[in-house]
1. Are any of the residues in the stretch A:62-71 at pLDDT 95 or above, of a type in the set (V, I, T) and touching a Gly at 6+ places or on another chain (Cβ under 9 Å)?
2. Out of curiosity, is A:I11 more than 12 Å from every other protein chain (Cβ to nearest Cβ), over 26 Å from the mean Cα position of the chain (by Cα) and at pLDDT below 95?
3. Could you identify the single residue in B:V204, B:V185, B:V194 that is of a type in the set (A, V, I, L, M, F, W, C) and under 15 Å from the mean Cα position of the chain (by Cα)?
4. Go through (1) under 24 Å from B:Q128 (Cβ atoms); (2) at pLDDT 90 or above and name the single condition B:Y203 misses.
5. Checking A:K239 against (1) at pLDDT 95 or above; (2) in a loop (DSSP other than H, G, I, E, B); (3) within 14 Å of chain B (Cβ to nearest Cβ), which single condition isn't satisfied?
6. Out of A:P255, A:P245, which single residue is of a type outside the set (S, T, Y), more than 10 Å from chain B (Cβ to nearest Cβ) and out of contact with any Ser or Thr (no Cβ under 8 Å at 6 or more places or on another chain)?
7. Look at the stretch B:169-195 and say how many of its residues are touching a Leu at 6+ places or on another chain (Cβ under 8 Å) and within 13 Å of another protein chain (Cβ to nearest Cβ).
8. Looking at B:G215, B:G173, B:G219, which is the one that is at pLDDT 85 or above, assigned to a strand (DSSP E or B) and closer than 16 Å to B:H45 by Cα?
Amino acid sequence: MRKIIFLGALIGLIAFSCARLDSFLFNPYKTDEYKLDAYDGKLQFRLGPEFDIPQDKIHLFSISSQGYKIWGIYIGDTTTISSDTVILYCHGNTGHIDYYWQRAKLLAHVGGKLRYGVLIFDYRGYGKSEGEPSEEAIYEDTKAMMQWLKDKGLTGDRLVIYGYSMGTAPATYWSSHDGPLTPRWLILEAPFASAELMVQDGAYFVLPKQYVTDLEINNAEWIKNAKAPLLLFHGTEDKLLALDPHGKTVFDNHPGPKQAVFVEGATHSDVPVILGIEAYISEIYNFIKSH
Amino acid sequence: MNLKDIIAVLMGGIFLSACSVTRVVEPIPQGKQEVQFSFGGPLIHLFGTTIPTPLTSLAYNYGCKDNLTLSGGLNLTSLAFGVIHLDLGATYGLWQDSLNSGYAGLSIRPSFYLTTDIYQWQTRFFPQFDVMGYYRIKKHLVYAGLVNFFELKRARAHNLPQPKHWFWNPTIGYQFESEKWRWQVEFRWLAPDVRSDYRVPDYVQPFGKPNGTIGFYIGITRKINW
């Protein structure tokens, strides 16, 4: 009898052995209201008043992405998107718009205050956005935001797509796949090469990624087909996604033109601070101007 | 719980050379059988504390000869994630002699891991070779040795070269024997020549230095026909 129970338990374990950690890999923080500068959560840095954005240049809006209401903030003038250059910021896995607001403000000062429009948004399940996060959702929600920009008159030759950490996946994806717009510039900060390399780097062994995850993220392969020039930031002390192999593999696989800023002493989340706010802004501005 | 914590769990769960106690240190008598449950793995920082990765496995040992024990194991934690993860091996007693009031011995254990997932049936094979010295006084056995794990693939994702093929892991352990049970604790210094920082999992760094990590394991063995 005990043998039967044991075998039954074993067969049951096999039959139900479908645990996947994918849904847990996303780390969304919900909020009912964006507080922006009033956000009192933990941040990597806070900018001084010289980086403040006038209230009339902050536009909170929502759109539908596959039936889910997702939220974004456009910094700039929505009536001039048809003639402006816009930076679409794809944020990382932690937090929501409030957490990345200081970064969005930095981008709104590239080349001078409000020289470029900046669009920051929350993927499904993050911040005020409805739904649950998933890999498909981050691509589709980014696509929906690109479509919103296109509907406002933006063309791909005036679109900069910026991805940070997890956000490097949709940024790279839409730089190498057909979408509403083809970005003219691609900026990646602390990218990971692929889900597979993440597994293998962590495990030390050449394990198939399917052993633990269904994620298909593959920046290192997608970027081979990127049509936009690349600016890549990566901290040398990034212990979450190490510069080597992640950042370097992505950079090496880009066909060019490309430039890398490997920031000595920076970790996964403090590249702008360690590089220096002004230097960071200048790198982005010079990249945009020179391509 | 952040991304790093989550990945620490899943990565720790696939640190193959660290998935169980040493199955058999001293060969068991001919014809004897036993079933072993093992728990533990690499120590990781998680939820603000330090825990062994919760790897579990079940194994069967059979005394083929007095100095040769065959064993086969199934990793239950991997199974929960859809990975059939087997280990098969043989422990061979090379030498044994009385020493003071007990006896000392030396055993070797060639084995291999076979893993495949139920989603795409991607199969991998990893050989392992253990060398253990042990000393027994009555119900107590202490042992120390080297667990050697081999990665045969030359390239990993994106055709990057696999940086390391031989992982050596110094190991110490203790067993307490009763008539029907054997209790075992084991520490393993995993890959001391591999940097453990700049990795997604937040592995414990031995002696505060990023030289591999420490594995901690508990084994409970039920003797069947002793």
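1. Going residue by residue through the stretch A:62-71, those that are at pLDDT 95 or above are A:62-71.
If we keep only those that are of a type in the set (V, I, T) as well, we get A:63, A:70.
Remaining after also requiring touching a Gly at 6+ places or on another chain (Cβ under 9 Å): A:63, A:70.
Checked against the condition, which is being at pLDDT 95 or above, of a type in the set (V, I, T) and touching a Gly at 6+ places or on another chain (Cβ under 9 Å), the stretch A:62-71 yields at least one hit.
2. On the way: more than 12 Å from every other protein chain (Cβ to nearest Cβ): no; over 26 Å from the mean Cα position of the chain (by Cα): yes; at pLDDT below 95: yes.
When the stated conditions are applied, A:I11 does not pass them.
3. Details: B:V204 fails: under 15 Å from the mean Cα position of the chain (by Cα); B:V194 fails: under 15 Å from the mean Cα position of the chain (by Cα).
Of B:V204, B:V185, B:V194, the one residue that is of a type in the set (A, V, I, L, M, F, W, C) and under 15 Å from the mean Cα position of the chain (by Cα) is B:V185.
4. Exception for B:Y203: condition (2).
5. It is condition (1) that A:K239 fails.
6. Details: A:P245 fails: more than 10 Å from chain B (Cβ to nearest Cβ).
A:P255 is the lone residue from the list that is of a type outside the set (S, T, Y), more than 10 Å from chain B (Cβ to nearest Cβ) and out of contact with any Ser or Thr (no Cβ under 8 Å at 6 or more places or on another chain).
7. Residues flagged as touching a Leu at 6+ places or on another chain (Cβ under 8 Å) and within 13 Å of another protein chain (Cβ to nearest Cβ) within the stretch B:169-195 amount to 1.
8. Working: B:G173 fails: closer than 16 Å to B:H45 by Cα; B:G219 fails: closer than 16 Å to B:H45 by Cα.
Testing whether each residue is at pLDDT 85 or above, assigned to a strand (DSSP E or B) and closer than 16 Å to B:H45 by Cα leaves just B:G215.
The values are calculated or read from the model by the stated rules, or taken from the named source; none is laboratory data. These numbers were taken from a predicted model, which means no experiment stands behind them. Note that we place each Cβ from the backbone using ideal geometry, even for glycine, and neighbour counts take in every protein chain shown. Ligands, DNA and RNA are stripped out before the accessible areas are found, and what is left, the full protein with its side chains, is counted by its heavy atoms. Shrake-Rupley method; radii C 1.70, N 1.55, O 1.52, S 1.80 Å.
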